[in-house]
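The values are calculated or read from the model by the stated rules, or taken from the named source; none is laboratory data. Just so we're clear, the structure is a prediction, and the values are computed from it rather than from any experiment. Heads up, the Cβs are rebuilt from the backbone with ideal geometry, glycines too, and the neighbour counts pull from every protein chain shown.
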Amino acid sequence: MKTRIFLDGGDPAETRDLLGRLGFLDGQTTNPTLIARNPAARARLDRGERLPEAEVLAFYRGVVHEISGLLPAGSVSVEVYADPATGPERMLEQAAEMYPWIPNAHIKFPSNAAGLAAAETAAAAGMRVNMTLCFSQEQAAATYAATRGAARGQVFVSPFVGRLDDRGEDGMDLIANILRMYRAGDGHVEVLTASVRTLDHLLFALALGSDIVTAPYKILREWADRGVPQPGADYRYPRGTLRPIPYKELDLALPWRQFDVAHDLTAQGMEKFSADWNALIR
Ligand code: G3P
């Protein structure tokens with residue numbers, strides 16, 4: 001299988017369980033919402049407890065450390081706190097603090113202008129980065145251009161398919177479009193299909209040849225229970241009534257700031273991640 005399989009989650013018990021069921025996992029992605037959903041974090045929230053920010057960060061570090069120990073040969077994505085007002089300097093400060101937590105971290109920055117500016121600096125310094133909340137081909141082109149010169153495996157871009165489906169657009173088209181656009185490039189950015197909600201998202205990502213897919217426990221469990229099926233040559237993705245997303249001709253050789261990277265779902269996603277994170281803090 002060309003595609004690497006990651007778990008999308010914030011609970012090491014799920015990682016352990018899936019390692020038992022699948023016999024492998026190639027990595028894991030986390031985000032502030034998933035950390036807030038970790039059972040220990042949720043129990044504290046349910047008791048009405050809030051922690052000082054340093055303790056919330058220490059909790060995140062502990063979770064990531066445990067997951068990294070379970071997946072020593074994989075990659076574990078750790079996300080910086082970023083609300084729509086967070087600038088690149090603050091993102092880079094957090095990245096510098098989080099990156100040494102584990103030996104196999106990818107630091108997640110949002111695919112807005114501030115996140116791309118942070119990623120440009122971080123990648124040039126050799127840091128592994130994962131551009132999250134990607135909803136457009138322009139954002140993926142900007143990721144490519146901002147991290148030019150990075151090594152293969154150093155940079156991931158995470159298009160969120162489920163959230164595009166939620167508003168009637170065929171999120172899997174964005175995966176196909178980015179893969180097609182990147183074929184003209186040097187391969188330094190890997191496409192990580194994210195916001196996977198169904199087994200068909202996973203199967204179609206395999207059929208398209210996405211470099212990586214991250215899926216929640218429920219989907220990977222379903223995949224394991226069905227005997228880890230692969231899409232055959234006759235596989236057809238059930239698009240249903242989702243509207244196609246047309247391919248755009250974009251020039252990967254342009255400077256990243258020439259791409260229009262604004263997207264309302266990126267801004268909304270940052271609002272939600274930061275609200276879930278802030279709910280943990282006293
Ligand atoms: O991989 C990204 C993921 O955590 C977001 O998924 O279902 O909240 O759109 P979702």
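Key figures for this structure:
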item	result
Test result for S68, outside any loop (DSSP other than H, G, I, E, B), crowded, with 22+ Cβ neighbours inside 10 Å and away from the ligand (no atom under 16 Å from the Cβ)	yes
Count of residues meeting criterion [part of a helix (DSSP H, G or I), within 27 Å of P103 (Cβ to Cβ), of a type in the set (A, V, I, L, M) and touching a helix residue (DSSP H, G or I) at 6+ places or on another chain (Cβ under 8 Å)] in region 36-56	4
Residue in region 224-232 that is touching a Lys or Arg at 6+ places or on another chain (Cβ under 7 Å), in contact (Cβ under 8 Å) with a residue 60 or more places away in the chain and surrounded by 15 or more Cβ atoms within 10 Å (Cβ to Cβ) present	yes
Every residue from region 183-222 that is outside any loop (DSSP other than H, G, I, E, B), more than 13 Å from the ligand (Cβ to nearest atom) and touching a residue at least 60 places away in the same chain (Cβ under 8 Å)	L206, R221
Yes/no for L174 being outside any helix (DSSP H, G or I), within 15 Å of the ligand (Cβ to nearest atom) and more than 24 Å from H65 (Cβ to Cβ)	no
Among residues of region 155-171, those that are surrounded by fewer than 19 Cβ atoms within 10 Å (Cβ to Cβ) and either over 21 Å from Q28 (Cβ atoms) or away from the ligand (no atom under 13 Å from the Cβ) (or both), counted	4
Condition met for H201 (crowded, with 16+ Cβ neighbours inside 10 Å, modelled with pLDDT of 95 or more, touching a strand residue (DSSP E or B) at 6+ places or on another chain (Cβ under 9 Å) and over 14 Å from F6 (Cα atoms))	no
I178, sole failed condition from (1) free of Cβ contacts under 8 Å to residues at least 60 places away in the same chain; (2) within 21 Å of V78 (Cβ to Cβ); (3) buried (at least 19 other Cβ atoms within 10 Å of the Cβ)	(2)
Of all residues making up region 20-44, the number that are under 20 Å from the mean Cα position of the chain (by Cα) and either away from the ligand (no atom under 16 Å from the Cβ) or free of Cβ contacts under 8 Å to residues at least 12 places away in the same chain (or both)	1
Region 131-154, subset assigned to a helix (DSSP H, G or I), closer than 17 Å to H106 by Cβ and small (G, A, S), residue nearest to the ligand (Cβ to nearest atom)	A140
Residue in region 123-130 that is at pLDDT 95 or above, within 16 Å of the ligand (Cβ to nearest atom), more than 22 Å from G9 (Cβ to Cβ) and assigned to a helix (DSSP H, G or I) present	no
Residue within region 76-83 that is surrounded by fewer than 17 Cβ atoms within 10 Å (Cβ to Cβ) and free of Cβ contacts under 8 Å to residues at least 12 places away in the same chain present	no
